[in-house]
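Written out below as structure tokens is the structure these notes cover.
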Amino acid sequence: MTLPTEHTTVTYPSGAVESAGSVQDVRDLPGGARAVLLDVTAVHPVDAGWPDQGADRAMLETAAGRTYEVQDAVVAASDGTSLYLGADIPVKKGTEGWVFAVAHLLPAGAEVQEGEAVRIKVDPAYRAALSAGHTACHLASLALNRQLAGAWKKEVLPDAAGNPNFDALAIETSTIKEHGSTDVYRLGKSLRRKGFRPEVLLEDLPAVEAGINAILAEWTAAGADVRIECEGERLTDLRRWSVDLPEGTVSIPCGGTHAASLLETGGIQVTLTASEGDGAVTVVMDTICVSPAG
Ligand SMILES: [Zn+2]
């Protein structure tokens with residue numbers, strides 16, 4: 001076992017589904033899987049800090065001709081002494097003095113050697129479905145913010161389109177799925193203190209839903225290209241999701257993968273549901289791509 005000394009170079013932001021790299025580190029995990037760290041990979045790992053988009057499905061092929069399923073992919077981090085995986089990483093991604101890598105989890109006993117050249121092949125259909133779902137998720141949250149812009153009594157942080165950022169202030173969890181997403185929002189006391197009037201959302205949920213869907217129809221009809229702007233090729237480099245909407249360009253920091261064009265979503269629609277519990281109302285926004293490409 002050796003510790004990684006350089007951040008993994010990741011090629012998925014440009015849409016790559018295949019890569020060639022060399023093995024930096026192999027170690028057996030307590031659960032039985034083998035973690036394999038590569039210098040270069042096309043595999044999108046689940047993020048430790050904001051795990052909205054799950055890992056790619058992929059195969060790893062060794063120079064010796066063995067092929068293994070990548071059962072999961074997580075972020076690994078080293079401080080030069082120890083290696084931490086996923087939720088065990090005690091610092092934020094990009095922290096000075098730490099090296100961040102993609103750990104590919106292979107079945108127990110997988111025969112992979114340090115220094116060996118390997119090839120990665122990502123399942124392109126599953127990747128495309130998650131990418132469309134992630135793009136739909138961003139657009140739906142921007143449309144939700146715009147639809148609720150009049151629900152605020154005080155000024156709050158704006159989103160990338162200049163509307164009060166309900167999504168950022170109320171979100172509990174966000175889960176990217178194939179051709180869609182599920183976002184859970186909590187309308188608690190602290191949100192009301194920030195000036196949000198829950199009744200604007202709750203009194204006529206179907207009307208809010210229809211308003212969001214009208215905005216989404218207008219945005220996707222334009223069929224704009226989606227860009228991923230990268231400051232570098234390393235796992236830790238800042239990347240932004242960027243798209244030209246009819247009212248202007250929006251740009252959001254995001255480490256996930258995305259459709260190349262809004263046309264690939266085949267239209268986006270949301271469904272809102274509200275439920276009560278724990279002294280707060282929870283609103284769930286389910287987002288789907290109506291007729292995705294492929
Ligand atoms: Zn994102």
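Some notes on this structure:
- Restraint check, 92/189; 153/189; 121/177, Cα-Cα greater than 22 Å: 92/189
- Per-residue [θ]222 nm for the chain (sum of -39500 (n - 2.57) over DSSP H runs n ≥ 4, rounded to 500): -6000 deg cm²/dmol
- Accessible surface of the chain, 1.4 Å probe, proportion on carbon and sulfur as whole %: 49 percent
- For the pair the stretch 104-175 and the stretch 42-58, the centres of their Cα atoms are 10 angstrom apart.
- Cα gyration tensor shape for the chain, rounded if a/c is under 1.5, else prolate or oblate: prolate
- Calculated FRET value between residue 197 and residue 233, using beta carbons and R₀ = 51 Å, to 0.05: 0.70
- Ranking of 141, 82 by solvent-accessible surface, largest first: 82, 141 (1.4 Å probe, protein heavy atoms only, all chains present).
- Local electrostatic count at residue 234 - Lys and Arg +1, Asp and Glu -1, tallied over other residues with Cβ under 13 Å: -3
- Helix 124-147 and the long axis of the chain differ in direction by around 30°, with both axes built from C-alpha atoms.
- Residues 126, 12, 84 ordered from highest to lowest accessible area at a 1.4 Å probe: 84, 126, 12.
- Two-site label geometry, residue 119 and residue 71: point separation in nm, points 7 Å out along Cα→Cβ: 2.5 nm
- Axis angle, to the nearest 10 degrees, between helix 205-221 and the longest C-alpha principal axis of the chain: 60 degrees.
- The residues of the stretch 9-122 have, on average, 44 Å² of accessible surface per residue, using a 1.4 Å probe with all protein chains present.
- Annotation: extensible slack from residue 149 through residue 280 equals 45.1 nm (criterion: 0.36 nm per residue apart, minus Cα-Cα distance).
- Using a probe of 1.4 angstrom and keeping all protein chains present, the accessible surface of the stretch 125-289 works out to 43 square angstrom per residue.
The values are calculated or read from the model by the stated rules, or taken from the named source; none is laboratory data. Keep in mind it's a predicted model, so treat the numbers as computed, not measured. FYI the Cβ positions are ideal-geometry reconstructions off the backbone, even for glycines, and counts take in every protein chain you see. Areas reflect the complete protein model, heavy atoms only, side chains present, ligands, DNA and RNA absent. Shrake-Rupley method; radii C 1.70, N 1.55, O 1.52, S 1.80 Å.
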